[in-house]
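> A single structure is presented below for examination.
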Amino acid sequence: MARRRRHTVAAVIADGVAPFELAVGCEVFGIDRSELVDPWYRFLVCASTPGPTRSSVGFTIDTPYGLDDVRCADTVIIPAWGVTTQEVPDDLIDALCTAHRRGARLLSVCSGAFVLAATGLLDGRRATTHWMYTDLLATRHPAIEVDPKVLYVDEGDVMTSAGTAAGIDLCLHVVRLDHGAEVANAVARRMVVPPHRDGGQAQFVEAPVAPTAGDDPLAATLGWMLEHLDQPLSVDDLAGRSHMSPRHFARRFRAVTGTTPHQWLLSQRVLLASRLLETTDDSVELVAYRCGMGTAASLRVHFQRAVGTSPQAYRRTFRQDEAG
């Protein structure tokens, strides 16, 4: 089998770049993980202007890469910097649009969404940024459907994430898209972070499950639900297990997870289905049974809606990647 072309990821920086948000891309894409996938990504830090770039906390970054490398990249990351208070340079906008026309995937972390907004590529699409800036983004760019409630939004060729750690969620999502859930999970384990804070493969992620006290009955119920995804789980039954009324359970569940019991279960079942499709030879019918979808037809509908492809196509893609 022919060796796959190495995928280039470029992080573009300017004065005021936030070290943590930049480091997310460095950690996920910049460390050689060819023991997981060979070849792994080629990662470049690209300055938007010549010369050393000063970070938001004062140290400088000197890199040999610039906007010409951004134009040729396959994926471009825009970490947070002071773009909420400064204009986006025309040459940076041109580099991003050139990369996009070539087929590059563009993604932002935190206030990096303002750079993507300046290109016009977010017009008519959903997007997010740090909750502190969502009103400002919506005011400056009314053509964008700004969603302040999600960790990230995947619009295919353009992706945006909320503040700080949500960049980790988005970068792991990109690895999952490129190489499957098992590889993304392996990277997450090495980073000592959750591989999937909503437990699903939706193209936008609702608020993560908040930590709960060990004696909270809902915490125990959430763990039990994960272990019994193959069973029919009604709100009435789950409320009884949590020693709550169904109405109180539904309110408490949304407060903790940011979504409904039905949607949470559905996303967990899609994630389990994706892992079974990658790691077993089970038929689609058996996968549907094991993840609690009931029938292959039901699995196909929900999997297509959440992942954007059919179970069979997903298996072909990621089992081939694994073999290659």
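Where a number appears in this text, it was derived from the coordinates with a stated rule and is not lab data. This one's a predicted model, so the numbers in the text were calculated from it and none came from an experiment. Cβ: placed from backbone, ideal geometry, glycine included. Neighbour counts: every protein chain shown.
> Amide H of L106 versus every other amide H placed in the peptide plane: which residues, excluding those fewer than 5 positions away on the same chain, fall under 5 Å?
V76, V158, M159
> First select every other residue whose beta carbon is under 12 angstrom from the beta carbon of A99; then total the charges, Lys and Arg +1, Asp and Glu -1.
Values: positive: R71, R101, R102, R105; negative: D68, D69, D74, D94, D157.
My count for the surroundings of A99 gives -1.
> Further, regarding this structure: In sequence order, what are the phi-derived ³J(HN,Hα) couplings for region 57-70 according to the Karplus relation 6.51 cos²θ - 1.76 cosθ + 1.60 with θ = phi - 60°, rounded to whole Hz, with x for glycine and proline?
10, x, 7, 10, 10, 10, 9, x, 9, x, 5, 4, 6, 5
> Output the peptides 179-185, 14-20, 280-286, 312-318 sorted from most to least packed, where packing is the average of other Cβ atoms within 10 Å over each peptide's residues.
Working: 179-185: 21.3, 14-20: 19.4, 280-286: 13.6, 312-318: 17.1.
Most protected by this proxy first, the peptides run 179-185, 14-20, 312-318, 280-286.
> I've got another one for you. Please find, in a Gaussian network model of the chain (springs between Cα atoms separated by less than 10 Å), the residue of R251, R126, R71 whose mean-square fluctuation is greatest.
R251
> While we're here: Using helices alone, what [θ] at 222 nm do you get for the chain, with -39,500 (n - 2.57) per DSSP H run of 4 or more residues, divided over all residues and rounded to the nearest 500?
Working: 14 runs with 144 residues, N = 324.
Theoretical 222 nm ellipticity from helices: -13000 deg cm²/dmol.
> Further, regarding this structure: Along region 294-300, what does the Karplus equation 6.51 cos²θ - 1.76 cosθ + 1.60 (θ = phi - 60°) give for ³J(HN,Hα), rounded to whole Hz, x for Gly and Pro?
Going residue by residue, I get x, 10, 4, 4, 5, 4, 4 Hz, with x marking Gly and Pro.
> Also, I was wondering about something else. In angstroms, what radius of gyration and Dmax does the chain have, counting Cα atoms only?
20.7, 63
> Hey, another quick one. Lys/Arg Cβ at +1, Asp/Glu Cβ at -1, dipole of region 8-191 taken about the Cα centre: which of T119, M132, V150 is farthest positive-ward?
It is V150.
> Most mobile of A80, A117, A219 per a Gaussian network model of the chain (Cα springs, under 10 Å)?
Ranking A80, A117, A219 by mean-square fluctuation puts A219 first.
> Dipole of the chain, Cα-centred, from +1 at each Lys and Arg C-beta and -1 at each Asp and Glu C-beta, to the nearest 20 debye? Could the numbers behind the result be given before it?
Details: 32 positive and 38 negative charges, 115 e Å.
Dipole size: approximately 560 debye.
> Percent antiparallel among DSSP beta bridges with both residues in region 8-191, to the nearest 5? If you can, show how the numbers build up before the last one.
On the way: 5 of 26 bridges.
The antiparallel fraction comes to roughly 20 percent.
> Using +1 on the beta carbon of Lys and Arg, -1 on that of Asp and Glu, and nothing else charged, what's the dipole of region 263-323 about the Cα centre, debye to 20? Numbers along the way, then the final one.
Values: 8 positive and 6 negative charges, 43 e Å.
For this selection, approximately 200 debye.
> How far, in degrees from 0 to 90, does helix 166-179 lean away from the longest principal axis of the Cα atoms of the chain, to the nearest 10?
80 degrees
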